[in-house]
Amino acid sequence: LNEKEKEIFEILNKEFQAQKLEVQDISGGCGSMYGIEVVSERFRGLSMLRQQRLVNEVLGEEIKTWHGVQLRT
């Protein structure tokens, strides 16, 4: 993981205590688009939309600077 990927990983892992967490810069290294997969007990019983909204909320202002995100929960 590069520095930005590590930063995103730590933010998400702290919040979700993920059983599986992958963060990858898929923009060719410029940091404008990320592929993220999060598996967490915290998502149990929540719709996929609510799961993804939780991730977006946790990333807050950070995600607003990206061109896009591929998110799997």
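The values are calculated or read from the model by the stated rules, or taken from the named source; none is laboratory data. From a predicted model like this one, the values you see are computed outputs, not experimental measurements. Backbone-built Cβ (ideal geometry, glycine too); neighbour counts: all protein chains shown. The area values use the complete protein model at the heavy-atom level, side chains included, leaving out ligands, DNA and RNA. Shrake-Rupley method; radii C 1.70, N 1.55, O 1.52, S 1.80 Å.
Summary table below
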{"item": "Accessible carbon and sulfur surface of the chain relative to its total accessible area, %, 1.4 Å", "result": "48 percent"}
{"item": "P(r) tail fraction, the chain - alpha-carbon pairs more than 19 Å apart, %", "result": "26 percent"}
{"item": "For SER40, solvent-accessible area (1.4 Å; no DNA, RNA or ligand), Å²", "result": "10 Å²"}
{"item": "Long-range lysine pairs (8 or more apart or interchain), the range 3-71, Cα under 17 Å", "result": "4"}
{"item": "Amide hydrogen neighbours beyond the local backbone of SER27, cut-off 5 Å, H modeled", "result": "SER32, MET33"}
{"item": "Average accessible area per residue (Å²) across the chain - probe 1.4 Å, nucleic acids and ligands excluded", "result": "64 Å²"}
{"item": "Most positive-pole-ward Cα, GLN51, GLY29, TRP66, against dipole of the chain from beta carbon charges", "result": "GLN51"}
